[in-house]
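Everything below concerns the one structure shown next.
Just so it is clear, none of the values below were taken in a lab; they were calculated from the coordinates. What you see is a predicted model, and the numbers here were worked out from it, not measured in a lab. Cβ sites come from the backbone with ideal geometry, for glycine too, and all protein chains shown count toward neighbours.
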């Protein structure tokens, strides 16, 4: 039976849903619909997410800061919103686009509707949009800036505002390329997450300093349940701050540094790259996720580039070249590392890290995206460091890649076993995949 205090009997529409709204792309394409959530104006880079579940985790992922998210799943909001599933303390998307919002909530965990939550947090959205046509346009033309306008913001002097005027506002909004956004989403004060579950109250198996570039709450939780004490520090932290967190540890105590996911252009994150090089120079075990993977690539001397439309969803296939297994993984990234993926014979390419004459040794692309051959992970063969482009904490998403946290714990507690051996020699990439990869550059 549905508890009496659930919103299952709420009205079919919130007042905002009866208000006209417009989604305007920077190329002038316009979609008309109804306001969903708050009314007003919002700008951002418009991207699409292919996940069919987990919209609450998507909305509260700081990596979506300054982005308008289009949901490709047609029905959104069925399970409502609760206070247990958010990945941070607020919704970070700048706008939200759906086709058919749920008319009523139907889930025993729901505490309110998604539309109510968007409105309460001031997130401007739009519904009743042909999201299939919109996604196809973004696939063909690439992600771009967009704006959502609704309510009084669509009217001037009692008349509808000209589309040309709305397009001009969108074109004047900031671009994602060159944006340094991690300082806007990072914690301002350090905090500690102690070992949990069966390790609660026990001495930590390792201590990790996690640099918050837009960290999701589930990430330190995944480490904590493996017996790790996690000290989360601000993006602005220096190497002295990192070493200070280890000051009270015995010399032999396992330790490591983690770089989280986050928004923005990795090419603009100069401070974080220098911090990571200081970590590598000291031989401290390192693990990076998503933005952290891109920053490891740049610290090693590889370039990064913007993908045509990025990877966003919870159903992306990735090959782990150390296990020869294909994982279904959760993604949210619009940039990628430009490192050699294949040798001439189609085997995994091993290259010398370009920075400073190769001082960080050899590197292999350890994980490859099977849709387009994009770099999905890096492993240093001569340094205790590795990273992946996707989200092994799986909030929300599949749990195929949870073993990567075990790999990190193993790197800290048994560094002599590093690096993991490659166990697969994939055939040369298909011509279609090669073409796809080249188009994304």
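Quick notes on this structure:
- Per-peptide average of other Cβ atoms within 10 Å, ordering 147-159, 188-200 highest first: 147-159, 188-200
- Centroid-to-centroid, using Cα positions, the range 273-326 and the range 43-99 are 23 Å apart.
- Using every pair of separate Cα atoms, the Kirkwood estimate puts the hydrodynamic radius of the range 111-216 at 19.1 angstrom.
- Size estimate for the range 306-401 follows the Kirkwood approach: the inverse of mean 1/r over distinct Cα pairs works out to 13.9 Å.
- Short to long, the 20 Å bins of the Cα pair-distance histogram for the chain hold 26, 54, 20, 1 percent of all pairs.
- The range 205-230 and the range 114-135: distance between their alpha carbon centers, rounded to Å: 32
- In terms of surrounding Cβ atoms within a 10 Å radius of their Cβ, 342, 258, 48 rank from fewest to most as 342, 48, 258.
- Each of the peptides 331-337, 163-169 was scored by the mean count of other Cβ atoms within 10 Å over its residues; in descending order, highest first, they stand as 331-337, 163-169.
- Approximate spin-label separation residue 177-residue 130, in nm, with each point projected 7 Å along Cα-to-Cβ: 2.9
- When 376, 225, 57 are sorted by how many other C-beta atoms sit within 10 angstrom of their C-beta, beginning with the fewest, the order is 225, 57, 376.
- Computed from the C-beta positions of residue 347 and residue 188, the FRET efficiency with R₀ = 41 Å rounds to 0.35.
- Here the simple spin-label model places points 7 Å from the Cα toward Cβ, and for residue 111 and residue 328 these points are separated by 3.0 nm.
- Tilt relative to the chain, helix 131-141 - C-alpha long axis, 0 to 90 degrees, to 10: 50
- Semi-axis lengths, largest first, of the ellipsoid equivalent to the range 7-171 are 25, 18, 14 Å, with √(5λ) applied to each eigenvalue of the Cα gyration tensor.
- Across every direction, the projection of the convex hull enclosing the Cα atoms of the range 357-423 has a mean area of 5.6 nm².
- Residues 239, 68, 314, sorted so that the one with the fewest Cβ neighbours within 10 Å comes first: 239, 314, 68
- Listed peptides 411-421, 210-220 by packing density, highest first (mean Cβ within 10 Å): 210-220, 411-421
- In degrees, nearest ten, helix 431-440 long axis to first principal axis of the chain (Cα): 70
- Using only the C-alpha atoms, the convex hull of the range 182-440 corresponds to 119 Å³ per residue.
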